[in-house]
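The values are calculated or read from the model by the stated rules, or taken from the named source; none is laboratory data. Please read all numbers here as calculations on a predicted model, not as lab measurements. Here the Cβ positions follow ideal geometry from the backbone for every residue, glycine too, while neighbour counts run over all protein chains shown.
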Amino acid sequence: MGTRSRRLGSWKPTAYKSHRPRPIRRLVYVLASAALLSAVLAVVGATSASAGGTWSSPKTIDDGFILHGVSCPNGSFCIAVDQNGNAFTYNGSSWSSASNIDGSNVLESVSCPSATFCAAVDQNGDAVTYKGSSWSSASNIDGSNVLESVSCPSANFCIAVDGAGNAVIYNGSSWTEPTNIDGTNILESVSCTSSSDFCTAVDDFGNAVIYNDSWSGPTDIDGTNELDSVSCPSASFCAAVDDAGNALTYNGSSWSSPTNIYGSYIILDGVSCPSGSFCIAVGQNGNAFTYNGSSWSSASNVDGSNFLESVSCPSASFCAAVDAAGNAFTYTATSANPTVTKVTPNTGSTSGGTAIAITGTGFVAGATVTIGQGSGAVTGAIAATNVKVVSSTQITASTGGGAKAGSWSLFVTTPGGTSAANSGDNFTYS
């Protein structure tokens, strides 16, 4: 027996998601999956390989509660939000405990263009903003409408969309009044490019609406399927996923036909694309899929039978995902050995504490830095502290203490291997 969706005449399996309220749509699924969970716990306990990278084992940060959204501007900073008004911060190695930022309201979505600005929206029409040290009080920007999604390419521009076909724009200090862009359809997701001049929103009836200083559409791109998520790294590429296991891509002028990557009536709930050559999509049954610019990989199970709610990939080297059971995961690209070409400054005290910038290639989240003492990257090597992977080509760190005086090679180690010693990687302890 099926349950009728919001749209008359459309029948879905019982475990299918209904629209309101969102925690209930997940509860139905979680209960339906409970019988399967014991069979997959052994799988969840280990890291999982995906096309081109590896997913961590699940880290429970919000036991038993639904994490609805996650956003990462880089591999050293992420924010996740949950059904109880809480936010959780990732610092590159671990997650913080819950910080209540919105009372008992259900936070639906969060967007962080940098580590000093984020915006989150909830089911009561409220928005909260983070400006580097603390969150603002909740501000009602959309009456009693459910704000489904928010996208902020900068601290001076955000777009939030709601369950009544409206969009609300943030200008760095205030939000506009809601503007209807999609009739009575539920706008499920919105994504804006870093230049802030192009955004795409998708709805629960297969439509896309495009913003380019003004809104155009809606345009049907997926029949009557519910489009659950969209990601646009540029005005010439977007990817969207739906509730029937399909993915679609946009080339700057038109959308592809839906491509089924997951099987019928299996929900894909999140997608994130840092470029047109790399995306990750996640959804029901704990699976992730990777896009390489032309095709999607087969399913990689990273979360047992849990429902993966959201994913954020600031680069092809790092992603974070969250699920309906309070777990968080990170993805690290499998890469060739990193290289180190320059260390600035390249001298410092043997007692350590020198702040350094490391230039090279192949740097990924979780990289470690050591300074050799004449016997390579391991034996006797001095570990650096405060290691932060800024990008795939830059790391910042502080030198460790207790070193022997002399000029030594600095090594970076990632899942792809350890950098080879060369003349550009020297650091002199004195």
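Structure data summary
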{"quantity": "Criterion violated by residue 196 - all others in (1) part of a strand (DSSP E or B); (2) closer than 23 Å to residue 70 by Cβ satisfied", "calculated": "(1)"}
{"quantity": "Conditions (1) in contact with a Ser or Thr (Cβ under 8 Å, 6 or more places away or on another chain); (2) surrounded by fewer than 15 Cβ atoms within 10 Å (Cβ to Cβ); number of the one not met by residue 389", "calculated": "(2)"}
{"quantity": "Selection status of residue 182, at pLDDT 95 or above and part of a loop (DSSP other than H, G, I, E, B)", "calculated": "yes"}
{"quantity": "Test result for residue 343, farther than 30 Å from residue 109 by Cβ and touching a Leu at 6+ places or on another chain (Cβ under 7 Å)", "calculated": "yes"}
{"quantity": "Residue that is modelled with the highest pLDDT, among those in the stretch 48-62 that are surrounded by 22 or more Cβ atoms within 10 Å (Cβ to Cβ) and within 13 Å of residue 317 (Cα to Cα)", "calculated": "55"}
